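First comes the structure, then the notes that go with it.
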Amino acid sequence: MAGFRNGRGRDNRPPQQHRPQQAPYGYDGPPQAYPQQQWQQQPQQQPYGEPEYFGDPHAQHHAATANNPGHTQMFSVDDPYGQAGAYQAPPVPVGPRLPWKALLSGIVLRPADTFLRMRDHAVWGPALIVTFLYGLLAIFGFDQAREEVLNATLSSTIPYVLMTGVGFVVAGLILGAVTHTLARQLGGDGAWQPTVGLSMLIMSLTDAPRLLFALFLGGENGLVQVIGWATWLAAGLLFTLMVGRSHDLPWPKALGASAIQLVALLSLIKLGTL
């Protein structure tokens, strides 16, 4: 009995800890999760059903620069030549309005730069004065009109000459307005005041050489006719250049916008016999 009280006769081995049951052969149970590894077992939720490798937090910051599958970097190639054959308007220089002496000499000597400089400036003063003076002398370039003026009295000659000068001013305004309207219909973007004023100056200045010879030789003289054709071609060149600079148009359209004015000058003024 003492033995039982002292634990004799029993299994005196220390109590053994309960061991986890071993899984049957061939079956691997889920590994025991540790706190520091639980974040690895959480399923990564991908937005919009993207593949798993898109959700890698270490690779997301490379998506904007790397050409990963599904994140191909977009790029563009700049064409250094732009649109082939497109008309490029010349730049508009910044500067004050030219004085009348520089304006008149510039139309003859530096027409391209002058028209580009004055495309946004009205030239009413020089245009009206020069055209009026041209009209006062233009009447003497026609043989029949010159004979009538010279044979008339002074009291009747002065009003006749003044009315002729005013008529040339009105004709210049109308023809310049027609040229401006055609230029706008052809896609031009220029203002009407510079276009009309410059066209009046071109009309008067280009016909000055013919008028100078016609005062002494007559309008029907052969040399005067040749000079008239030459100055008419020069006027066509200046009109085309002026409309092109003032309205940002290529030369074919600029020439087309000036066609009516050129035909009118040829038939009514330069070659008065037509």
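I want to check the label-to-label distance for Y160 and T181. Put each point 7 Å from Cα in the C-beta direction and report it in nm to one decimal.
So the two model labels end up 3.3 nm from each other.
Which log10 I(q)/I(0) values does the stretch 150-254 give at q = 0.24 Å⁻¹ under the Debye formula, counting every alpha carbon as one identical point scatterer?
-1.19
Under a 1.4 Å probe, what is the accessible area of the stretch 123-274 per residue, stated in Å²?
In whole numbers, the stretch 123-274 has 46 Å² accessible per residue.
Within a Cβ distance under 11 Å of A102, other residues only, what is the Lys/Arg minus Asp/Glu net charge?
My count for the surroundings of A102 gives +3.
For a quick size check, give me the Cα extents of the stretch 94-156 along its three principal axes, largest first, whole Å.
53, 21, 15
Kirkwood hydrodynamic radius for the stretch 195-274: how many Å is it when counted over pairs of different Cα atoms?
It is 12.8 Å.
Mind jotting down the distance between the C-alpha centroids of the stretch 209-274 and the stretch 107-144, whole Å?
13 Å
The values are calculated or read from the model by the stated rules, or taken from the named source; none is laboratory data. Everything numeric in this text was worked out from a predicted model, so none of it was measured. Ideal geometry is used to build each Cβ from the backbone, glycine not excepted, and the neighbour counts take in all protein chains shown. The protein model used for the area step is the full one, side chains on, heavy atoms only, and it has no ligands, DNA or RNA in it. Shrake-Rupley method; radii C 1.70, N 1.55, O 1.52, S 1.80 Å.
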